[in-house]
Amino acid sequence: MNQAMRQDRPIDKPLSIAGKTYRSRLLVGSGKYRDLDQTRAATEAAEADIITVAIRRVNIGQDPNAPNLLDAVPPSRYTILPNTAGCYTAQDAVYTLQLARELLGGHTLVKLEVLGDERTLFPNMPETLRAAETLVRDGFDVMVYCSDDPIQAKMLEEIGCVAVMPLASLIGSGMGILNPWNLSLIIEQAKVPVLVDAGVGTASDAALAMELGCDGVLMNSAIALAQDPVRMARAMRLAVEAGREAYLAGRMARRFAASPSSPMAGRV
Amino acid sequence: MPGTDIDIELNGAAHALPDGASLHDLVASLGLAGQALALAVNRSVVPRERWAATTLAPRDKVDVVRAIGGG
């Protein structure tokens with residue numbers, strides 16, 4: 001891209017979450033990669049600023065000199081977002097994030113997810129609301145994985161969550177956005193950032209999320225499980241940017257009718 | 001009595017350590033000194049600066065956690 005084209009780009013406000021701004025609207029997970037080297041390379045190709053990590057017990061007896069995730073994606077370069085993956089109760093989610101806050105030197109930006117069952121990994125919304133209340137009261141900045149139910153999303157916002165993250169479809173399913181209408185309802189009413197989280201499968205899914213007006217997209221499997229994760233990370237970066245530009249550009253209206261692009265007058 | 005071991009639960013498994021040992025001692029004995037970790041005793045997080053001053057008691061449940069790849 002040449003300099004002239006870059007200067008023509010309209011200014012977009014950066015993504016702002018809990019009073020902090022981020023250049024990238026693409027957030028990534030760190031799971032399911034072949035190894036830490038691939039994790040690092042894909043995250044760099046995505047040009048993500050925020051990366052989620054899971055909190056797990058240390059394997060006692062394992063080699064203490066084994067490479068560490070935070071060496072591959074260092075906190076000095078990325079905003080590390082601890083999640084509560086694998087938590088099925090509010091109590092476990094709160095405990096996990098208290099440990100995470102200590103682990104990350106007091107950082108309060110967290111991703112909350114409380115799952116309902118192992119088969120669908122669908123969020124347990126009552127438990128999620130309970131956990132969110134406790135965490136917000138305890139001073140955390142909570143980005144919350146939730147169903148695409150506009151009422152639940154509004155409740156989470158009213159509790160004080162700093163971002164709502166409705167699923168596009170099931171975690172790890174790659175099915176893309178199943179209900180763009182619900183997503184639009186959530187975006188319409190939200191006063192906090194809305195990020196699609198879960199179910200993104202390929203670039204067009206990410207672009208669609210941004211075209212609908214999302215503030216960002218969080219994905220893990222879509223990149224890590226691609227045939228070429230680094231290439232897909234690049235595709236996703238472009239998709240999020242393209243979708244955002246299309247949203248800001250204001251799309252043409254849809255009509256169930258044709259409208260020629262060439263004038264009729266002067267035909268031979 | 002000095003010299004006897006006590007039994008705690010460490011990351012869900014039984015673990016013996018000397019009576020009077022602190023969290024700091026525990027971490028050192030596991031070869032984990034200097035690693036990025038968080039610790040809790042009986043589901044209560046103990047900040048690093050309090051590890052040396054936190055003595056473990058029999059049947060204490062200790063969690064030692066780190067960050068790993070996840071979505």
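The values are calculated or read from the model by the stated rules, or taken from the named source; none is laboratory data. All figures in this text were calculated on a predicted structure; none of them were measured in a lab. FYI the Cβ positions are ideal-geometry reconstructions off the backbone, even for glycines, and counts take in every protein chain you see. Areas reflect the complete protein model, heavy atoms only, side chains present, ligands, DNA and RNA absent. Shrake-Rupley method; radii C 1.70, N 1.55, O 1.52, S 1.80 Å.
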Checklist entry - How many residues are more than 10 Å from every other protein chain (Cβ to nearest Cβ) and open to solvent by 10 Å² or more (accessible area, probe 1.4 Å) if we restrict to the stretch A:39-56? => result 6
Checklist entry - Mind checking which residues of the stretch B:1-57 are within 14 Å of another protein chain (Cβ to nearest Cβ), over 17 Å from residue A:102 (Cβ atoms), of a type in the set (A, V, I, L, M) and surrounded by fewer than 16 Cβ atoms within 10 Å (Cβ to Cβ)? => result B:13, B:14, B:16, B:28
Next on the checklist: Could you check the stretch A:201-212 and list, in sequence order, the residues that are open to solvent by less than 10 Å² (accessible area, probe 1.4 Å) and either small (Gly, Ala, Ser) or within 27 Å of residue A:35 (Cα to Cα) (or both)?
Outcome noted: A:206, A:209
Checklist entry - If residue A:126 satisfies every condition in (1) within 14 Å of chain B (Cβ to nearest Cβ); (2) open to solvent by 40 Å² or more (accessible area, probe 1.4 Å) but one, which is the exception? => result (1)
Checklist outcome for this item: Those residues of the stretch A:231-254 that are under 17 Å from residue A:48 (Cβ atoms) and either polar (S, T, N, Q) or surrounded by fewer than 16 Cβ atoms within 10 Å (Cβ to Cβ) (or both) come to a total of 2
Next on the checklist: I'm told residue A:77 meets every condition in (1) in a loop (DSSP other than H, G, I, E, B); (2) of a type in the set (D, E, K, R); (3) within 22 Å of residue B:13 (Cα to Cα); (4) modelled with pLDDT of 95 or more except one. Can you identify the failing condition by its number?
Outcome noted: (3)
Next on the checklist: Of all residues being among the polar types (S, T, N, Q) and open to solvent by 60 Å² or more (accessible area, probe 1.4 Å) in the stretch A:57-91, which is farthest from the other protein chains (Cβ to nearest Cβ)? Just the residue, please.
Outcome noted: A:76
Checklist entry - Does the stretch A:92-111 include one or more residues that are within 12 Å of chain B (Cβ to nearest Cβ), over 18 Å from residue A:224 (Cα atoms), loosely packed, with under 15 Cβ neighbours inside 10 Å and out of contact with any helix residue (DSSP H, G or I) (no Cβ under 6 Å at 6 or more places or on another chain)? => result yes
Checklist entry - When only residues in the stretch B:58-71 that are within 11 Å of the chain's Cα centre (by Cα) and more than 7 Å from chain A (Cβ to nearest Cβ) count, which is nearest to residue A:51 (Cα to Cα)? => result B:62
